[in-house]
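The values are calculated or read from the model by the stated rules, or taken from the named source; none is laboratory data. Please read these numbers as outputs of a predicted model, since none were measured by experiment. Cβ placement follows ideal geometry from the backbone for every residue including glycine, while neighbour counts extend to all protein chains displayed.
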Amino acid sequence: MSKFWSSIVTRTEPYIPGEQINDPSIIKLNTNENPYPPSDSVENAIKDELGGNLKRYPSPTVDSLRETIAENYHVGKESIFVGNGSDEILGFSFMAFFEPGKTIRFPNISYSFYPVYAKLFNIPFDEVNVNSDFSLDPSAFFESDGGVIFPNPNAPTGILLSLSAVESIIVQNRNQVVIIDEAYIDFARETAVPLVAKYPNLLVIQTTSKSRSLAGLRVGYAIGHPDLIEGLNRIKNSFNSYTLDRLAIVGANAALLDKSYYEAITRKIIQTREWISKELTQLGFHVLPSQANFVFASHKKVTAINLYTLLKQNGILVRHFNQEPIDNYLRITIGSNTEMKLFMERLKRIL
Ligand code: PMP
């Protein structure tokens with residue numbers, strides 16, 4: 001440990017991202033990226049931007065992209081905040097809305113970035129146990145001291161909490177901010193965005209990394225009451241008032257405008273997910289009911305770590321979490337139909 005480290009560095013336990021590999025011969029099903037490419041309109045918008053404006057700073061308020069998002073969700077532009085991926089917005093939100101002296105709550109099986117941010121910003125947290133079937137009990141999140149955050153659908157389980165249960169958590173935390181991390185919501189049914197108009201304590205965070213095939217561009221956005229957005233802007237402008245680069249702004253904007261292309265690939269991914277869930281069940285897996293672009297599954301006989309290793313030897317990368325009680329589960333991203341057929345073939349050979 002360096003004698004020059006501050007207490008912030010020493011209390012930090014950084015997030016460990018999933019493996020990133022560029023080998024095209026490997027079927028990469030480990031970090032929930034979209035198997036299909038971004039729409040042509042994204043490429044065209046980026047080419048146009050490359051043709052002229054890179055010598056200029058981007059807009060500090062990113063009005064064009066915020067207007068597109070506002071129109072998509074039928075809210076005002078002042079209800080939208082944009083950032084470099086939803087991870088950045090999650091970090092800003094912890095700083096803006098959670099206090100060092102007040103305990104926040106999130107599920108014990110959840111996105112592993114939350115405890116990282118909580119420790120970084122000295123925010124005490126309670127990890128609320130999920131039920132034995134991995135679903136969330138909404139009442140366990142009622143009347144928190146410092147606020148609530150959870151993904152919906154949850155990660156890495158893929159389980160969706162109903163909109164009425166989500167609303168009950170918001171209502172029962174009226175004086176605290178409730179953050180719903182909707183990274184995977186486009187693969188599910190109901191977003192909580194319409195509730196933003198009713199509840200000034202609700203912040204919904206989404207991303208273009210999953211359903212819009214743009215994990216490489218780093219764009220996320222938050223939708224909430226203008227007061228919450230103003231809080232996020234105060235934090236953002238204390239670090240870097242430009243935040244998004246020009247290519248990210250035009251690329252994400254084009255993707256969010258191209259609804260029919262993305263609806264079509266989302267439908268394909270959902271169909272593949274349902275097919276894979278059935279196939280895995282027939283092969284002796286316990287598969288959780290996923291509403292995301294991945295499935296979470298445990299085999300009745302072969303351990304997850306063995307399967308992870310055997311799949312890797314067969315050119316398939318999935319995600320294994322070395323954490324009880326999910327250490328016997330694998331999280332498998334839904335790839336293209338072709339990739340998932342190969343996955344099933346090789347899995348059958350292994351089992
Ligand atoms: N929230 C959840 C639940 C996630 O799984 C991820 C992806 N790792 C993110 C947020 C972050 O996504 P991004 O920063 O790419 O927007």
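Quick rundown of the values:
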quantity: Test: residue 139 is within 29 Å of residue 287 (Cβ to Cβ), part of a helix (DSSP H, G or I), of a type outside the set (Lys, Arg) and at pLDDT 95 or above; calculated: yes
quantity: Pairs, first within 13 Å of residue 296 (Cα to Cα) in region 322-349, second exposed (fewer than 15 other Cβ atoms within 10 Å of the Cβ) and among the hydroxyl-bearing types (Ser, Thr, Tyr), C-beta under 9 Å, six or more apart; calculated: 327/303; 328/303
quantity: Qualifying residue in region 89-107 (condition: closer than 26 Å to residue 272 by Cβ and not polar (S, T, N, Q)); calculated: no
quantity: Extreme residue, surrounded by the most Cβ atoms within 10 Å (Cβ to Cβ), among residues of region 287-322 that are in contact with an Asp or Glu (Cβ under 7 Å, 6 or more places away or on another chain) and closer than 27 Å to residue 266 by Cβ; calculated: 317
quantity: Subset of region 43-66 (residues that are within 20 Å of residue 261 (Cα to Cα) and more than 22 Å from the chain's Cα centre (by Cα)); calculated: 43, 44, 45, 46, 47
quantity: Leading residue by the ranking (farthest from residue 217 (Cα to Cα)) among those in region 243-286 that are in contact with a strand residue (DSSP E or B) (Cβ under 9 Å, 6 or more places away or on another chain), of a type in the set (S, T, N, Q) and surrounded by 15 or more Cβ atoms within 10 Å (Cβ to Cβ); calculated: 277
quantity: Cross-chain or 6+ apart pairs with Cβ under 7 Å, region 109-130 first and in contact (Cβ under 8 Å) with a residue 40 or more places away in the chain, then within 16 Å of the ligand (Cβ to nearest atom) and β-branched (Val, Ile, Thr); calculated: 109/130; 109/157; 109/326
quantity: Residue list for region 194-221, restricted to those being within 12 Å of the ligand (Cβ to nearest atom), in contact (Cβ under 8 Å) with a residue 40 or more places away in the chain and not β-branched (Val, Ile, Thr); calculated: 206, 209, 210, 211, 212, 213, 214, 215, 218, 220, 221
quantity: Residues of region 143-180 classified as touching a residue at least 40 places away in the same chain (Cβ under 8 Å) and within 16 Å of the ligand (Cβ to nearest atom), total; calculated: 14
